[in-house]
Amino acid sequence: MPHSASPPPAAPHPHNSLTRIGWRRLRRDRVGFAALCIVGAYLLLALAAWSGLLASHWQDEVAHPYAPPTLFAGTAPHHLELSAADIDAADRRATSAAAQDGSGATGLSADEDPLAADLAAAEQQSAQYRGAEQARADSLPLGADQRGRDVLQKLLQGSATSLQVGIAGALLALAIGTVLGALSGYFGGLLDDALMWGYSVFTSVPDMLLLLAFAAVSGRGIGTVVLVMAFTSWTGTFRLMRAEFIKHKGRDYVRAADAIGAGHGRRMFHHILPNVGHLLLVQFSMLTVALIKYEAILSFLGFGVGVTQVSWGAMLAEAPAELLQGYWWQMLAVTLCMSLLVTAFSLLADSLRDALDPKVK
Amino acid sequence: MLAYIVRRVWQMVPTLFGVMLLLFVLFNWVGGDPSYILAGKNLSAEALAGIRQQLGLDLPLPQQFLIFVKQVLTLDFGTSWSTQQPVSTLLHSRIGPSLLLTGSILLLGTVLAIGIAALVAYLRGSLTDRLVTLIATCAMSVSALVYIIAGQYWLAFKGGWFPIMGWSDSTLDNLLHYLPLPLLLGVIVGLAPDIRFYRSCFVEELGHDYVRTARAKGLSEPVIMLKHVLRNAMIPVVTSLMMSLPYLMMGAMLLETFFGIPGMGKEVVMAVERSDFPVIKAITIYIALATMLFNLLTDIIYKLIDPRVQLH
Amino acid sequence: MNPHALLATLAALALLPAQAADMNKVLRVALNAPETGFDPAKVSDLYSSTVTENIFDPLVTYDYLARPAKLIPNTVSALPAISADGKVYTFRLKPGIYFAADPAFKGKKRELTAADYAYSIKRHLDPAIHSPWSFLVDGRFVGGNELVKAAGKGALNYDAPLDGIRVLDKYTLQLTLTETNFNFLPILAMPAFGAVAREVIEANRDNTNAHPVGTGPYLLKEWKPGSRIVLEANPGFRKLVFNATPGNDPVDKAVVQALQGKTLPQVGRIEISVIEEEQPLWLSFLNRQLDISGIPQVALQNALVIDPKNPLKVRLAEQYARQGIQLQRQLLPEITFHFFNMQDPVVGGDSKDRIALRRAIAMSFPVSEAIAGIRRGQAVPMNYIVPAGVAGHNPAFRGAPKYDPAAANALLDRFGYRIGSDGYRTRPDGKPLSIELACGTSSTDKQWNEYWQKTFDTLKIRLGFRQGKWNELSKANHQGKLQMWGMAWGADYPDGENFMQLLYGKNAGDSNAADFKNADYDRLFEASLKLPHGPARNKLYDAMNKIAVAQQPWIFGDIRMRSTLAHRHVKGLKLHPLLGTSWRYLDLQK
């Protein structure tokens, strides 16, 4: 996990004006603003895909396996498409040839099969289930994968999944780290000792080990990936929030709140938390980036999303096999797509940090 | 100082205990049952029961935990469940390749990263700085997987400049033949984030008052950079380095898998796959101990570098 | 020269072990998955047995060139005498075979005796060792069960007399079986029944896996578990000269031309790497860092020119043929299938509606499409429980149902699996229907899962996946928690019994993973045990297959065609269906 460089301490400005100042600064920073727009675009696309407006039929096998991208149709390596019919025909030839010179039984006869009559009847009534074979495209804008599925659609759906996983994981890690860090920093004493003990235990165990162990317990799928990543990434936020809460709890405004009778909970989450909110925002964007990249590796190791879902990691997992056969388009598409988002997010995180830093003029 | 060290060592005990508890809960609740792997095709109830007894899995949990405690105290984790080799022999043979790989990546990567970061920090705000930062950010966004897969395919196979994979017993042979490509890829993967991190450390340092004072005194920029800024920025650099040392032992898991380097990282994945509890216990305990020791070492070095730092 | 001295010199020369193996000839091969260890009584995985096969000698082995596989003497002077009732096997060992040197022998040359084989076989019965092969010897020898019972939970008493395994004299071993069995001999050809020396086992009690000492052509020189194994030619190996007359097979002719008259083994050193990822393994072979390799599925289209009309007809791609790379292919004596838990309340049982459910799923699984897509056509659909190359196979039998998802849907309609308002079928009693398929986590598993998803989507049945590692799933299956899972079974010995026992009621909870219990099948199986391979037994096998096809506890899968590539300089290679490796028969001519 990247160790977050400790951000500069924030002076206790009231909630509103720092945000307004920050927003103004962000608008002026051209790179940061562009990054914000890109991230926003991705989020919109992801929302559309997740809600089913876009790419809901990504699983349909609309093209021939490994159909190349339209612009590069000529350069694709030759792919021999074998059909089930050919396999069946070869199999049938072999068994009938053997039947001719053998004396053994050739299969289950009608009177030996308990379902014979029902099968015959079913055959009669099967017309309603026979659909027409759909034509398969020879090339698609971004090409097709091994099953003939559209890479573009997979990319859109995959973005939704990866973003979902990254953001959910980051939010959960943030929530755990913030609550625990707040409790630890604010109350101190035995609670602090206990939570610090937990912190040191978790940071002593290597991430990979923790990850593999957790993944092994809760099965596979999106839920597990989110949980697993949250449980291994809360420590950075914890340390940050603890330090902040320790610093803030002695400040005047908190003591003032105490004087007017605000309880601990109110003091922690109504007064202090908004003052450290900007740090959380930066932390959130960094965590999201890290978790999106982590998801790719998890999927590669086999812990990622299941068959009915697609994510960037799942698409990358198909890359080594494809590259070996000379099919480069899926890997390139995913790499560029992921790269653009992660770069934008990172730049956004940088700009946010600069924008919300009260020391910078 | 001595009292501080003693106190810190004493504080390691509960942490170690916590790690042991975490491991134990995780693998006795979570980990697969290894008796099924060891039984092969013979899955009769007696065979499985026998294997479990041999591995000590039929003892009540608290008793198993006590055995675990004893093992940690003597640093003898018994034999691997899957290969029946003593775990310590196994790990000792794995540590060498891992250290060589990750050590050289750390060394080369840090030198390069600090050099480039210092340069761009010096040139901060200029086009070069912005360009390098942008390139670094883009490079960081590409998954390590892509670098390794593409690197192995194009540089080793298509280009023929490096062997595809492998490792030998002679260190010299490794340095000359088998290390270069994984080293190169490992450095590339880590370079971008390191450059960004070190650059931010240097930039932060350059914002401090003493730098303005030094400039006002008439010192030239290069002297300021080399004599003052670098030394002061060393603290976060050293921290970051020290914190990553225990992870050196883990080995770079992906690199080891793709390049067939018999190191700790690959061993961990195999052990988790086979529910080989003794190996996993051993590796985790060693790394937990190493982390705690290096933490302590870092704090001590802090104090030596910067006398203002108060250890409490 | 003094005639006595001459005689003595000649005698001495004749006694010298024939060390023809050239240490400069180094064979480089790779294993796809890590090995476990090298104690023949403790390991059962394919990868470990490639090594134990070359270190230890079983009593009998297979002729290298003869097909179908033919048993020939290995350390015995001739195939054993079998009594008329098929119960007593008598073996006579060749004198003058020695174990490789080991400190446990205290500097003396250690000869192989019948007692060593008695000891090695008894180890598989020993409860303290938990041999994964004990199912092959349990209850097989007269007095064996009593000896095992007497041992209780402790070690077997190896010195107690046992009627079923008797050492008649230094070189004579007699095995007496409890029941007639004409198919027992191939079991003794397995590497698991190679001879070990008692002193070595006892000296290395804690770690027999790392100290294999045998009479075979190679010994273990170096071992980095999970990473690298190095074998070197055993200097004390007996003189073995290759002698065969080839038939018309061009591969046989090439082998004979390369090896005729030479002492084996020729290759002095074998370096085995463990490479689990496919891309590095394939690239290593192409880069000449490996001498022999299989073809990973992703490279099949690149390496082979496949005839679309007959996908099993292939030739090596031009770019590789030009380099002189050799291709050999062999249909593996294995089966792959998916099974239903026959005790499951939803999918199990023998009532017609359940059979219909299973049949419908079997009719909707696109085996041929999967073979085309995943195997690139390099497999055949499974049609019979006993595969080709194993005694008892019936090549004319078509056991898999015809692929017809439309008819399958209509069939389900008939039995009351109505389609609900959510588009998914319910059970005949109206309760919701959903089926869980257990599977592994590798990328190949993922590919297969996509075909399963398609199967169940076509049938409009809800499908869930339960992913896990093999050992977790195995445990869950034993506890009856799985509904469907896939399995593969490779021949331990070339007899149909090894396969038909997979559905035998008494093996439920063990190798009968589906927990299939059918009285007719069991009766036929027990009768088949008493017959040797032949038309009478084949009739019984056909009847059993018909029961299996009718009841549908299994969905037949496919059988892979194994392709092996070797570089030009590797001579003497011929793929054998039962011998895991041919390393001792190879020569490298660079």
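Here are the numbers for this structure:
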{"read-out": "Where labels lie 7 Å past Cα in the beta-carbon direction, separation of residue C:305 and residue C:158 in nm", "value": "5.8"}
{"read-out": "Global size of the range B:101-274 as Cα Rg and Dmax, reported in angstrom", "value": "19.1, 65"}
{"read-out": "Distance violations [Cα-Cα > 27 Å] among C:446/C:571; C:309/C:590; C:153/C:475; C:402/C:539; C:402/C:574; C:153/C:221", "value": "C:446/C:571; C:309/C:590; C:402/C:574; C:153/C:221"}
{"read-out": "Heavy atoms of residue A:150: accessible area, 1.4 Å probe, square angstrom to 10", "value": "20"}
{"read-out": "Inter-part distance where the range C:312-366 and the range C:389-431 are each reduced to a Cα centre, Å", "value": "17"}
{"read-out": "Reach of residue A:247 by Cα under 20 Å, taken over lysines that are not fewer than 8 positions away in the same chain", "value": "A:359"}
{"read-out": "Loop sites in the range C:21-113: trypsin sites (Lys or Arg not before Pro), DSSP, at most 13 other Cβ within 10 Å", "value": "C:70, C:106, C:108, C:109"}
{"read-out": "Largest-first ordering by accessible area, 1.4 Å probe, given options C:590, C:539", "value": "C:590, C:539"}
{"read-out": "13 Å reach of a label modelled at residue C:240, 7 Å along Cα-to-Cβ, counting backbone N of the range C:23-65", "value": "C:52-65"}
{"read-out": "Total formal charge among the other residues, if their Cβ is under 15 angstrom from that of residue A:328, Lys/Arg +1 and Asp/Glu -1", "value": "-2"}
{"read-out": "Fully extended contour minus Cα-Cα distance, from residue C:575 to residue C:172, at 0.36 nm per residue", "value": "141.8 nm"}
{"read-out": "Sequence of B:132, C:213 when ordered by accessible area, the most exposed leading, probe 1.4 angstrom", "value": "B:132, C:213"}
{"read-out": "In nm, spacing of pseudo-spin labels at residue B:208 and residue A:325 (7 Å Cα→C-beta vector)", "value": "5.8"}
{"read-out": "Under 5 Å, built H, 5+ apart or other chain: amide partners of residue C:88", "value": "C:83, C:177"}
{"read-out": "Cα gyration tensor, the range C:334-561 - rounded (a/c under 1.5), prolate or oblate", "value": "prolate"}
{"read-out": "Whether chain B is rounded, prolate or oblate, judged on the alpha carbon gyration tensor where a/c under 1.5 counts as rounded", "value": "oblate"}
{"read-out": "Relative pair counts by distance (%), Cα atoms of the protein assembly as shown, 10 Å bins", "value": "1, 8, 15, 20, 20, 15, 10, 6, 3, 1, 0, 0, 0"}
{"read-out": "Heavy-atom surface of the protein assembly as shown, accessible at 1.4 Å and reported per residue (Å²)", "value": "42"}
{"read-out": "Value in Å of the Kirkwood radius, where chain C supplies the Cα pairs that are averaged", "value": "26.2"}
{"read-out": "Spatially near lysine pairs across chain B, Cα under 24 Å, sequence gap of 8 or more or different chains", "value": "4"}
{"read-out": "Trypsin sites (Lys or Arg not before Pro) within the range C:135-169, DSSP loop, no more than 13 other Cβ atoms inside 10 Å", "value": "C:153"}
{"read-out": "Residue-averaged 222 nm ellipticity for chain C, from DSSP H runs of 4+ at -39500 (n - 2.57), nearest 500", "value": "-8000 deg cm²/dmol"}
{"read-out": "Solvent-accessible surface (1.4 angstrom probe) belonging to residue C:584, in square angstrom, nearest 10", "value": "40"}
{"read-out": "13 Å beta-carbon shell around residue B:297, net charge (K/R +1, D/E -1)", "value": "+1"}
{"read-out": "Set of aspartates and glutamates with alpha-carbon distance to residue C:239 below 19 Å, sequence-local pairs under 8 removed", "value": "C:22, C:53, C:57, C:63, C:111, C:587"}
{"read-out": "Per-residue [θ]222 nm for chain A (sum of -39500 (n - 2.57) over DSSP H runs n ≥ 4, rounded to 500)", "value": "-21500 deg cm²/dmol"}
{"read-out": "Environment charge of residue A:32, counting only residues whose C-beta is closer than 11 Å and scoring Lys/Arg +1, Asp/Glu -1", "value": "+2"}
{"read-out": "Cα extents of chain A along the three principal axes, largest first (Å)", "value": "99, 48, 38"}
{"read-out": "For residue C:165, residues with placed amide H under 5 Å, excluding near neighbours", "value": "C:176"}
{"read-out": "In the B-A interface, the accessible area buried, summed over both sides, Å² (probe 1.4 Å)", "value": "3400"}
{"read-out": "Modelled FRET efficiency - R0 51 Å, residue C:590 with residue B:99, Cβ distances, 0.05 increments", "value": "0.90"}
{"read-out": "Mean residue ellipticity (222 nm) of chain B, computed from DSSP H runs ≥ 4 via -39,500 (n - 2.57), nearest 500", "value": "-23000 deg cm²/dmol"}
{"read-out": "FRET efficiency estimate (nearest 0.05) - Cβ-Cβ, residue A:127 to residue A:264, R0 60 angstrom", "value": "0.25"}
{"read-out": "Stretch gain in nm, segment residue C:206-residue C:24, where the contour uses 0.36 nm per residue and the Cα spacing is subtracted", "value": "62.1 nm"}
{"read-out": "Rounded to the nearest 10 Å², the accessible area of residue A:343 at probe 1.4 Å", "value": "10"}
{"read-out": "Whether the range C:201-241 is rounded, prolate or oblate, judged on the alpha carbon gyration tensor where a/c under 1.5 counts as rounded", "value": "oblate"}
{"read-out": "Added length on full extension, which subtracts the Cα-Cα distance from 0.36 nm per residue, residue A:75 to residue A:57", "value": "3.7 nm"}
{"read-out": "Fraction of accessible area attributable to carbon and sulfur, chain A (%, probe 1.4 Å)", "value": "62"}
{"read-out": "Listed residues A:23, A:197, A:312 arranged by accessible area, highest first, probe 1.4 Å", "value": "A:23, A:197, A:312"}
{"read-out": "Against the rule of thumb 2.2 N^0.38 Å, how large the Cα Rg of the range A:312-361 comes out", "value": "1.76"}
{"read-out": "Förster-model FRET efficiency, 56 Å R0, residue C:111 and residue B:75, C-beta, rounded to 0.05", "value": "0.80"}
{"read-out": "Paramagnetic reach from residue C:488 (point 7 Å along Cα→Cβ, amide N under 18 Å) across the range C:378-392", "value": "C:378-390"}
{"read-out": "Simple spin-label estimate for residue A:20 and residue C:77 in nanometres, 7 Å along Cα-Cβ", "value": "10.9"}
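The values are calculated or read from the model by the stated rules, or taken from the named source; none is laboratory data. It should be emphasised that the depicted structure is a prediction, and the values quoted were computed from it without experimental measurement. Virtual Cβ from ideal backbone geometry, glycine too; neighbours counted across all protein chains shown. Accessible surface areas use protein heavy atoms only, side chains included; no ligands, DNA or RNA. Shrake-Rupley method; radii C 1.70, N 1.55, O 1.52, S 1.80 Å.
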